[in-house]
Amino acid sequence: MEAIAENTAKVDNMIDTKKDVQNNSPESADLSNLETVGIPFSDNAKMSMRDVDVFYGDKQAIHGVGLDIGQNEVLAMIGPSGCGKSTFLRCLNRMNDTIDICKVTGSLQLEGQDIYDPKLDVVPLRARVGMVFQKPNPFPKSIYDNVAYGPRIHGLVSRRAELDEIVETSLQRAGLWNEVKDRLHAPGTGLSGGQQQRLCIARTIAVSPEVILMDEPCSALDPIATAKIEELIAELSENFTIAIVTHSMQQAARVSNRTAYFHLGKLVEVNETEKVFTNPDHSLTEAYITGRFG
Amino acid sequence: MASAPENQKTIELVNQNLAKRYRAEKRFRAYGIASIGFGLLCLLFLFTDIIGKGHTAFLTTYVKLNVELSTDALDIYDVNDPQQIAGADYQGVLKKALRERFPEVTGRRDKRALYGIVSSGAGFEIRTLIEQQPELLNTTLDLWVLADDDYDTYYKSRSSDEGAYTGRFNEKQISWIETLIADGAVEKRLNTTFFNAGDSREPEQAGIRGAIMGSLFTLLVTLALSFPIGVASAVYLEEYAKKNKFTDFIEVNINNLAAVPSIIFGLLGLAIFINFFEMPRSIPLVGGFVLTLMTLPTIIISSRAAIKAVPPSIREAAMGIGASKMQVILHHVLPLAMPGMLTGAIIGMAQALGETAPLLMIGMVAFIVDVPGSISDPSTVLPVQIFLWSDSPERAFVEKTSAAIMVLLGFLIIMNTLAVWLRKRLERRW
């Protein structure tokens, strides 16, 4: 009860200062004491992050983010450009390791296991937490080899027939099988943008990850291809836990169960998607979803 | 309404300046065309000069003589006895044939001059003939034998605008050759010696095979060492090395090494490989080591550029499904960077093929007659052969020098074409 009261008080407080928010640029608003509102944590967490700070050299990109991603949940992360949502996503399978100056602190756990444990091998981690990127990036190889690459390097199969099966089921689950089954050995780069992105999704699910991270997977696609990917995300959520970063609020509203709003490296609000888009708890979220900035 | 005249004015101003702008544009293009034209002109001049001087070397003069291959004259009684075959006096039967062809020549000095019509190596041709067709023994037949270089030069220059080059010839020598020409007993044939023989003091017997083989062995050693070392260094520096002062220092040094005069590498090779490790002089192995040192910076720099050009999205894709660093490099980065690295390597090899100075320092400038058969046989290389011939006093070496340059240029053109072809072939689009 106290917490609710506190939240209400905060919201009231924000409503009082709404005029300021409207008149001044929200970026200039004082965020130093901002605390996440809503329901960032989950009882059935697949991944749980606490007090995550990310630094690029001297610059801090993420400030004390605490967030859970629930089992088989689709979590959308939205926010204006440069708010750190992609940075945060890339921490979840340690893709930021490749950037020398990037430093991550705090606790990031996958089923209770610390993923930033120096003893942990990133190779199996990335097999468990797969990633789909902003721009479709198929390998300059055949469609078959693109999908088969993951199972091959992880040694998941011993026989050709098994590999064929994995390739087929992965392409089917990515909704691409009927379009490419006659030309599996044609180059993957010859497909259309939307097909390439579904190929990348097939490639990711071919290693049966537990979590799929999607970094603006539709930003380079046309509306029809986008619709297909969104449909696919809904289907995939039956088997996978999905965290998706998106610039499109409509997309977040369509595909996700919960939505997290990031602002200037801070997690402002996490709530049921419906609530975020109809009745957000935080005035900054409201300002963003109503298009006052972004 | 007030703005209308003003707009008019802006357009007028723009139009006024337009002509000037077009002229500047045209001038700018003309500078480029002029530069390319100048370059092409130089190239044309070079090619015309070299081909003009060198094309004659691909033909050589032969003289027809009526030779009696008698057992007594040759001293061969058993064709199966290698000693007799080896010791036979082949040159003698040629001399006899010449004496019979010009019976009026009597003086000892004149006779010596007469014998000079045929090459001192012509006897070997007869030996080969006897070895291949022993049944010709004790027959008399018309044989075409290699002429001496002075007569070769004379015959080739006879029809030129400047007139025949007589050089050291006296009247008699000219009359002999003219007699032979009038008889139709002189003709130009394809110069197989040039491609099949090693170096010689006699221009008509000198060939570039030794130099070609030497270059080949040297380049093989260079390629076998510099490509793997260069690619491995580039991969480490690009993919693994942390960015710090030390790697910056290495980078600056590699760039510096690429600009170090090649003779320094020759001195280094002399000091290390020959003086310290006491390796033999003049061998392609040491030449290859020296050229490896010289080519490495080129290969490392081009390989690093090629690796850098691999799109990061491909690396991310591979890492995103859990490929290890090595798998990312071996499966994705290297195949995509390969055209660039190969181009760099071939350009480095072409550079090494044309390199002379460092090889002078390690003794590959020696006069070597035998065609080398391995990387440890003394040999010379094409550019050094060109250097040696251009220094020789015999006039016939002028055309040989130009011909050797043509061969070298031919190899360079082939290698550079190969580089372009490989790039086109292996390049994948993404």
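With everything on Cα atoms, drop me the angle between helix A:223-236 and the longest principal axis of chain A, reported from 0 to 90° to the nearest 10.
Once rounded, the angle reads 90 degrees.
Which pairs, out of A:103/A:266; B:53/B:95; B:308/B:424; A:85/A:135; A:119/A:266, put more than 22 Å between their alpha-carbon atoms?
B:53/B:95; A:119/A:266
Taking the alpha-carbon centroid of each part, what is the distance from segment B:267-283 to segment B:296-324 in angstrom?
37
For residue A:35, tell me the accessible area in Å² from a 1.4 Å probe, rounded to the nearest 10.
It works out to around 110 Å².
Only protein chains counted, 1.4 angstrom probe. Which residues of segment A:107-127 are at least 10 Å² less accessible in the assembly than when their chain is isolated?
Output list: A:123, A:126.
Explain nothing, just the number: relative contact order of segment B:209-426, from Cα pairs under 8 Å at least 6 residues apart, as a whole percent.
So the answer I get is 32 percent.
Compute the Rg to Rh ratio over segment B:3-55 from the alpha carbon atoms, using the Kirkwood formula for Rh, and round to two decimal places.
Reported Rg/Rh, Kirkwood definition of Rh: 1.55.
For segment B:3-55, give the percent of accessible area contributed by carbon and sulfur heavy atoms, probe 1.4 Å, rounded to a whole number.
After summing per-atom areas, the C and S share lands at 68 percent.
Expressed as a fraction of 2.2 N^0.38 Å, the rule-of-thumb size for a compact globular protein of N residues, what is the C-alpha radius of gyration of segment B:189-338?
Against the compact-globule rule of thumb, the ratio is 1.42.
Counting only the heavy atoms of the protein chains, how much of residue B:144 is accessible to a 1.4 Å probe, in Å² to the nearest 10?
Counting only protein heavy atoms, residue B:144 exposes about 60 Å² to solvent.
What is the average number of partner chain Cβ atoms found within 10 Å of a Cβ in B:307-320?
Going residue by residue through B:307-320 and averaging, the value is 5.
Ranked from the most accessible area to the least, with a 1.4 Å probe and all protein chains present, what is the order of B:370, A:114?
If we order B:370, A:114 from most to least accessible, we get B:370, A:114.
Would you mind telling me the antiparallel percentage of the DSSP bridges in the protein assembly as shown, rounded to 5?
Given both bridge residues lie in the protein assembly as shown, the antiparallel proportion sits at roughly 65 percent.
How much of residue B:289 can a 1.4 Å solvent probe reach, expressed as accessible area in Å² and rounded to 10?
About 50 Å², ignoring ligands and nucleic acids.
Could you identify which residue out of B:313, B:120, B:302 has the top mean-square fluctuation in a GNM of chain B using Cα springs shorter than 10 Å?
B:313
Where q = 0.09, 0.23 Å⁻¹, what log10 of I(q)/I(0) comes from the Debye formula for segment B:307-430, counting one point per Cα?
Once normalised to I(0) and log-transformed, intensities are -0.45, -1.27.
For the protein assembly as shown, with the dipole built from +1 on Lys and Arg beta-carbon atoms and -1 on Asp and Glu ones, taken about the Cα centre, which of B:336, B:84, A:95 lies farthest toward the positive end?
Final value for the positive-end residue is B:336.
Sorting B:263, B:413 by accessible area (1.4 Å probe), largest first, what list results?
B:413, B:263
What number, in percent, do you get for the relative contact order of segment B:58-198 if the mean sequence gap of Cα pairs under 8 Å and at least 6 apart is divided by its residue count?
40
Any chance you could check the Cα centroid distance between segment B:356-430 and segment A:178-203 for me, in angstrom?
That distance is 50 Å.
Within 12 Å, Cβ to Cβ, of residue A:209, how many net charges do the neighbouring residues add up to if Lys/Arg are +1 and Asp/Glu are -1?
With Lys, Arg at +1 and Asp, Glu at -1, the net is +3.
Could you run the numbers on buried accessible area between A and B, total for both chains, 1.4 angstrom probe, in Å² to the nearest 100?
1800
Could you state the angle between the C-alpha long axis of helix B:334-353 and the longest principal axis of the C-alpha atoms of chain B, as a value from 0 to 90 degrees rounded to the nearest 10?
Rounded to the nearest ten degrees, it is 40.
Given all pairs of different Cα atoms, what value in angstroms does the Kirkwood hydrodynamic radius of segment A:41-289 take?
Evaluated on segment A:41-289, it is 18.5 Å.
Just how far, in whole angstrom, is segment B:205-226 from segment A:84-101 if you go by their alpha carbon centroids?
52
Going by average Cβ density within 10 Å per residue, which order do the peptides A:216-227, A:176-187, A:145-156 take, highest to lowest?
With the highest mean Cβ count within 10 Å placed first, the list reads A:145-156, A:216-227, A:176-187.
Probe radius 1.4 Å, ligands and nucleic acids left out: which of A:165, B:427, B:399 has the largest accessible area, and how do the rest follow?
Descending order: A:165, B:427, B:399.
Which residue, A:101, A:212, A:242, has the most motion in a Gaussian network model of chain A that connects Cα atoms within less than 10 Å?
In the Gaussian network model the winner is A:101.
Any chance you could give the angle, 0 to 90 degrees and rounded to 10, that helix B:284-308 forms with the longest Cα principal axis of chain B?
30
Which whole-number percent of Cα pairs in segment B:145-233 have a distance greater than 19 Å?
When all Cα pairs of segment B:145-233 are counted, 58 percent exceed 19 Å.
If the cut-off is a Cα-Cα distance under 16 Å, which aspartates and glutamates reach residue B:245, setting aside same-chain residues fewer than 8 apart in sequence?
Excluding near neighbours in sequence, the set is A:100.
What whole-number value in Å² describes the accessible area per residue of segment A:120-175 for a 1.4 Å probe?
40
What number results when the radius of gyration of segment B:320-391, computed over Cα atoms, is divided by 2.2 N^0.38 Å?
1.79
Considering every residue in A:190-198, what mean count of other chain Cβ atoms within 10 Å of its Cβ is obtained?
Averaged over the peptide's residues, the number is 0.
Using only the alpha carbons of segment B:209-426, what is the convex hull's orientation-averaged projected area in square nanometres?
For segment B:209-426, averaging the hull's shadow over all directions gives 13.7 nm².
So what's the convex hull volume per residue for the Cα atoms of segment B:58-198, in Å³?
So the per-residue hull volume is 126 Å³.
How many Cβ atoms of partner chains, on average, are near each residue of A:92-102 if near means within 10 Å of its Cβ?
Mean inter-chain Cβ contacts per residue within 10 Å come to 2.
Which number do you get for Rg(Cα) / (2.2 N^0.38 Å) in the protein assembly as shown?
Its radius of gyration relative to the 2.2 N^0.38 Å reference: 1.50.
Treating the Cα atoms of chain B as identical point scatterers in vacuum, please give the log10 of the normalised Debye intensity I(q)/I(0) at q = 0.09 Å⁻¹, two decimals.
Debye curve over Cα of chain B, log10 I(q)/I(0) at q = 0.09 Å⁻¹: -0.79.
Give the relative contact order (percent, whole number) for chain A; include only Cα pairs under 8 Å separated by 6+ residues.
Relative contact order here is 28 percent.
With every protein chain kept in place and ligands, DNA and RNA left out, what is the accessible area per residue of chain B? Probe 1.4 Å, answer in Å².
That works out to 54 Å² per residue.
The values are calculated or read from the model by the stated rules, or taken from the named source; none is laboratory data. Not measured: the values here are computed from a predicted model. Using ideal geometry, Cβ is built from the backbone for each residue, glycine included, and neighbour counts are taken over all protein chains shown. Side chains included, ligands, DNA and RNA excluded: accessible areas come from the protein's heavy atoms. Shrake-Rupley method; radii C 1.70, N 1.55, O 1.52, S 1.80 Å.
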